[in-house]
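One structure, pasted below without further comment.
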Amino acid sequence: MKKGFTLIELLVVVLIIGILSAVALPQYTKSVEKARLAEALTNVKAFTTAVDLILLENGGYPSTEIGLQDMTIELSGGTYDADGNLETKNFSYEGGSCYSGGCGMEVYRKTNDYALSAEWNNLGNNQWDLVCYTQSTDLGEYICKSLQSQGWRVANSDL
């Protein structure tokens, strides 16, 4: 008597693996993206802390523009381009400056699913305006929704 698996048994196993993969893959993708997002959030936090220190030291906005490279912060994971913007594997950090009218930074996800904006200006509310822009992709909406509990606003935008 030969021992082994029948064709039906093999098909059932392949079917079960396929179903499990279909359920697990989207969750895996979201988890990986949240891990990538940690880089951006760390850099935004470093930027906002540096700006808070600049505002405290100067008693307000600086008289001349101060860029990312001029601040006493070190953003992680990338290199600066000729315009002073930071480029990493997953994100582009633009703006990142502080001047007489306000301070701000834009962070763009290179897949265009979402973007982050951190801005401090003369609105009189003395707090950071943190906005997550989504291009109405499922992943972008998921990421932006997950940031709401941390004080981020969600807005739809064409990136």
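Counting only residues that are farther than 15 Å from Thr48 by Cβ and in contact with a His (Cβ under 6 Å, 6 or more places away or on another chain), give me the strands (runs of 3 or more DSSP E) lying completely in segment 61-159 with at least 3 of them. Break it down into steps so the answer makes sense when it comes.
Working: elements: 78-80, 86-88, 91-99, 102-109, 114-121, 129-134, 153-156.
Those strands (runs of 3 or more DSSP E) do not exist here; none qualify.
Take the residues of segment 78-110 that are aliphatic (A, V, I, L, M) and within 26 Å of Gln135 (Cα to Cα): which is modelled with the lowest pLDDT? Steps first, please.
Filtering segment 78-110 down to residues aliphatic (A, V, I, L, M) leaves 82, 86, 105, 107.
Narrowing the set further to residues that are within 26 Å of Gln135 (Cα to Cα) leaves 86, 105, 107.
Numbers: Leu86: 86, Met105: 90, Val107: 93.
Checking each candidate, the answer is Leu86.
Select from segment 94-117 the residues that are surrounded by 15 or more Cβ atoms within 10 Å (Cβ to Cβ) and over 30 Å from Asp138 (Cβ atoms) and list them in ascending order.
Ser97, Cys98, Gly102, Cys103
Leu75 is checked against (1) surrounded by 15 or more Cβ atoms within 10 Å (Cβ to Cβ); (2) at pLDDT 85 or above and fails just one. What number does that condition carry?
Going through (1) surrounded by 15 or more Cβ atoms within 10 Å (Cβ to Cβ); (2) at pLDDT 85 or above one by one, Leu75 breaks only (2).
Regarding Val23, is this residue more than 30 Å from Asp129 (Cβ to Cβ) and modelled with pLDDT of 90 or more?
When the stated conditions are applied, Val23 does not pass them.
If you don't mind, there's one more thing I want to ask. Could you give me the residue pairs with C-beta distances under 7 Å whose first residue belongs to segment 81-103 and is closer than 27 Å to Leu56 by Cα, whose second residue is of a type in the set (D, E, K, R) wherever it lies, and which are 6+ apart or on separate chains?
Note: pairs meeting the criteria are Asn85/Glu94; Glu94/Glu106; Gly95/Glu106; Ser97/Glu65; Tyr99/Glu65; Gly102/Glu119.
Continuing with the same structure: Quick check, is Thr48 of a type in the set (S, T, N, Q) and loosely packed, with under 10 Cβ neighbours inside 10 Å? Spell out the reasoning first.
Details: of a type in the set (S, T, N, Q): yes; loosely packed, with under 10 Cβ neighbours inside 10 Å: no.
In short, no.
Just need a number here: residues in segment 79-93 that are at negative phi and either out of contact with any Phe, Trp or Tyr (no Cβ under 7 Å at 6 or more places or on another chain) or surrounded by fewer than 12 Cβ atoms within 10 Å (Cβ to Cβ) (or both).
Of segment 79-93, the ones at negative phi are 79-83, 85-93.
Now drop any that are not either out of contact with any Phe, Trp or Tyr (no Cβ under 7 Å at 6 or more places or on another chain) or surrounded by fewer than 12 Cβ atoms within 10 Å (Cβ to Cβ) (or both), which leaves 79-83, 87-90, 93.
Of the residues in segment 79-93, 10 are at negative phi and either out of contact with any Phe, Trp or Tyr (no Cβ under 7 Å at 6 or more places or on another chain) or surrounded by fewer than 12 Cβ atoms within 10 Å (Cβ to Cβ) (or both).
Assess whether Val51 counts as being in contact (Cβ under 8 Å) with a residue 60 or more places away in the chain and more than 23 Å from Tyr28 (Cβ to Cβ). I'd like the intermediate steps shown before the answer.
Numbers: in contact (Cβ under 8 Å) with a residue 60 or more places away in the chain: yes; more than 23 Å from Tyr28 (Cβ to Cβ): yes.
Judged against the criteria, Val51 is a match.
Does segment 48-68 include one or more residues that are closer than 21 Å to Arg109 by Cα and modelled with pLDDT of 80 or more?
We begin by selecting, within segment 48-68, every residue closer than 21 Å to Arg109 by Cα; these are 48, 67-68.
Those still in the list that are modelled with pLDDT of 80 or more too: 48.
Taking every residue of segment 48-68 in turn, at least one turns out to be closer than 21 Å to Arg109 by Cα and modelled with pLDDT of 80 or more.
The values are calculated or read from the model by the stated rules, or taken from the named source; none is laboratory data. Quick caveat: nothing in here was measured; it's all calculated off a predicted structure. No Cβ is skipped: glycine too gets one built from the backbone with ideal geometry, and neighbour counts run over all protein chains shown.
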